[in-house]
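Heads up, the thing below is written out as structure tokens.
Bear in mind these aren't lab numbers, they're just calculated from the coordinates by the rules spelled out. Since we're looking at a predicted model, the values are computed, not measured. Counting neighbours? That spans all protein chains shown, and the Cβs are built from the backbone with ideal geometry, glycine included.
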Amino acid sequence: MADKFEKESLHIQHFDISMKEMAERLRIDHSPIAIMFPTACQILRNACKGLLMWVEADMTYSQYLRCDITELEKKKEMQMKFYRDSQLKANGQEFNVKSLQKIVSECDEEMKKLKPKEVTLQEEEKKLREENKDVLEDLTIKEYRKMEMKINGLPGDRESQENYERLQSEIIELKVRKPAIERRVADLEKQRTFIKGRESFKLQKETELKLGLQELRQWRRVARKAEVELQRIESCWAKLKEIHLLKISDETLKKIFHNLPVYSRNTRSWKTTKDRLQRLCHLVAQKVEGDWVRLYRSLPFFPPRGEETTTADIGEIMSRFMRNTEEQANQALTRWRRMHIRASIDDLKTALTAIKRTDIIERFERRTATTISREKTMSAKIQKVVHFPKLPPSRKKQHYLQF
């Protein structure tokens, strides 16, 4: 028993260092129960100090937010400049790619026309080179014969003289044909060189187009990343500005709630529960249209809100949800339910009556009456449908001695 008491009882080691020192100073270290209340008081003092530190830090939190907002604005400007530059380079590269695609397409059309001509030029050049070769051979042979006739001497008869003159005229004719053939061959070579140049130009542009497409994809990727980063910075900047506005606001509720959405306290859907205020708010948001501003000014608030605060709320809702009156009315009613701790269906009906929109109240009452009658009908049907099981006919049990 003593061992159990020694193990499970309260010891001085269960306290912190400050309480141990106080117990030793007061010589009550063998009766730790005497310092339980001072320990609780010390813990409470520490908690209060922590809360005070948190409050002081929260008072200066808006300054840190202001510094963060300034830094994000600088970063936003730099990111915007980088995004514009990357987008400009991507657009310029896209223009270059389209120009190259047009040039390559024109070169393809041109090469389709030049390919048959190139084949014809090759065949013609081949024939001309063979002809030139034959001319050179004939010219060499005839000049050799002419030289041979000069060396051997010309006979004096007329036939030999005619043969020599004929040979001389053939040599002159061959010498005249040779430059013409060579000029034609040179022209054909120039035309073939032009076709090869156009083909190499096409290959060069195709290579440039391939590299340009790679560079275009790269710049588009860079521009897309810059756009995503810019959107992230703008989102953070807008969120910080919103929190900063709430932090420097004089309204305590804004500081606490940070515009948190308000839902029904019941976790089930409002269709299955009887949250009549939620139903009326939903109907008002659908039907009130542009009268939501007058409705918001007519709604009661507790704690009360001034005219300037109400005007600021309306301006904020209109700036955040432009060209959507249903969403504006929904946000206004949600803010009213959050700011007015005594929100009730009677307050909303009174405000609707004040702005002369009793048609919404009548529609709501008709819808509510229809729902109630339907529920009563369903409950009556359920009661009528109850069936009791059929019991078998009772039989009198005979005694075991009866026959």
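Here is how the numbers come out for the structure above:
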{"quantity": "Positive minus negative residues near Gln204 (Lys, Arg vs Asp, Glu; Cβ under 12 Å)", "calculated": "+1"}
{"quantity": "Tensor-based shape of segment 63-125 (alpha-carbon gyration tensor, a/c under 1.5 rounded, otherwise prolate or oblate)", "calculated": "prolate"}
{"quantity": "Residues in segment 201-232 that a label on Asp85 would reach, taking backbone N under 16 Å of a point 7 Å out along Cα→Cβ", "calculated": "219-220, 222-227, 230"}
{"quantity": "Two-site label geometry, Thr370 and Tyr61: point separation in nm, points 7 Å out along Cα→Cβ", "calculated": "4.7 nm"}
{"quantity": "Rg [Å, one decimal], Dmax [Å, integer] - segment 177-241, C-alpha atoms", "calculated": "27.7, 93"}
{"quantity": "Residue-span extension gain [Glu137 to Ser319] - 0.36 nm each, minus C-alpha spacing", "calculated": "55.7 nm"}
{"quantity": "Positive dipole terminus of segment 135-224, leading residue within Gly197, Leu174, Tyr164 (C-beta point charges)", "calculated": "Gly197"}
{"quantity": "Arg45 versus Glu109: modelled label distance in nm, points set 7 Å from Cα along the beta carbon direction", "calculated": "9.5 nm"}
{"quantity": "Estimated Rh, segment 103-217: Kirkwood, alpha-carbon pairs, angstrom", "calculated": "18.2 Å"}
{"quantity": "Cα lying deepest toward the dipole's positive end in segment 42-91, options Ile43, Met78, Leu88, charges on Cβ", "calculated": "Leu88"}
{"quantity": "Förster radius 45 Å - calculated FRET efficiency between Lys127 and Asn163, Cβ distance, rounded to 0.05", "calculated": "0.90"}
{"quantity": "Peptides ranked, highest mean first, by Cβ atoms within 10 Å: ranges 233-240, 283-290", "calculated": "283-290, 233-240"}
{"quantity": "Relative counts (whole %) of C-alpha pair distances in segment 153-215, using bins that are 5 Å wide", "calculated": "4, 14, 10, 10, 8, 7, 8, 6, 6, 5, 5, 4, 4, 3, 3, 2, 1, 0"}
{"quantity": "Cut-off 10 Å between beta-carbons: net charge of the residues surrounding Cys281, Lys and Arg +1, Asp and Glu -1", "calculated": "+2"}
